[in-house]
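See structure below.
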Amino acid sequence: IMKKAIMLLIIYFTVSSSYVLADNKKEITMYDIFPKSSEMEGGSSKWIISGVKEEKRGRCTVYTNTYTYYSDKGSVYMGITRKNTYIVSARIFNCDNFISAIDEYNSLLKSEEKIKKDKKSATAAFGEAGNLTAIPINNNTTFADFYLTYYLRNFVVQVYSDDGFAQMDMAGEIERRLRLYLARKGVNYYINKINLDIKHNDIKDSSDYVSFAGDN
């Protein structure tokens, strides 16, 4: 009787740890990641905020907040005329893990692709990967709808606005607060190398590894 050969594939991880000392300030919650009106340009007299809404979506919990800016007149910034009233809506997806976050990120990008054919899209330097989509309202105006989507660890952020400057400010501020939120958790682990040991009848046959550049 021939004995069946047994192949064992043993995978173990070389894990690096990143330590960030948290200060003694109060713990940051998901609600704190959204800026308050008093912290924004123009203050409470210029902004009306809907308030954070929370809902479960698959393997992610979605937090949404909408900001509306009101002013008596428009302004000009870097040669571009800004409207006197505009909206900024931000969604933060807090997912179970980074795989779920990347799936959600790709799903959001696909949704943006279906909105309009004459959109303009480009990568954006936010989070670990980001994308900016601009959809012109019509051919006779410089105004557009902007969608900026990025993921950071197990978070996905999508910021919509009809004012590009306000959108960039919001997206950057949320990323800053998310990084602080992650830092105050104490220790963040990431995988930078997977070791593979292949054994045949408990005798090591060969070894190999897969390594990842950077700390992502």
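Across the stretch 84-92, computed HN-Hα scalar couplings (Karplus, 6.51 cos²θ - 1.76 cosθ + 1.60, θ = phi - 60°) run 7, 9, 8, 10, 10, 10, 10, 10, 10 Hz from first to last residue, x flagging Gly and Pro. Distant-in-sequence amide contacts of residue 124, defined by a placed amide H-H separation under 5 Å and a gap of 5 or more residues or a different chain, comprise 130, 131, 132.
Heavy-atom accessible surface of residue 173, to the nearest 10 Å², is about 50 Å², with a 1.4 Å probe and all protein chains retained. When nucleic acids and ligands are ignored and a 1.4 Å probe is applied, residue 44 ends up with an accessible area of around 70 Å².
Largest first and in whole Å, the equivalent-ellipsoid semi-axes of the stretch 25-72 read 25, 15, 6, each the square root of five times a Cα gyration tensor eigenvalue. Only protein heavy atoms count here; under a 1.4 Å probe, residue 206 has an accessible surface of about 50 Å². Remark: accessible surface ordering of 168, 40 (largest first) is 168, 40, probe radius 1.4 Å.
When the residues 82, 91, 179 are ordered by accessible surface, computed with a 1.4 Å probe over the protein chains alone, the sequence from largest down reads 179, 91, 82. A simple spin-label model places pseudo-atoms 7 Å from Cα toward Cβ; at residue 124 and residue 102 they are separated by 2.1 nm.
Spin-label model, residue 84 to residue 39: label points 7 Å out along the Cα-to-beta-carbon direction sit 3.0 nm apart.
Amide H contacts of residue 145: 135, 137, each under 5 Å away and 5 or more positions distant or on a separate chain (H built 1.01 Å from N in the peptide plane; Pro and chain starts excluded).
The values are calculated or read from the model by the stated rules, or taken from the named source; none is laboratory data. Quick caveat, the model's predicted, so the values are computed rather than measured. No Cβ is skipped: glycine too gets one built from the backbone with ideal geometry, and neighbour counts run over all protein chains shown. For the accessible areas, the whole protein counts, side chains as well, though only heavy atoms, and no ligand, DNA or RNA atoms are used. Shrake-Rupley method; radii C 1.70, N 1.55, O 1.52, S 1.80 Å.
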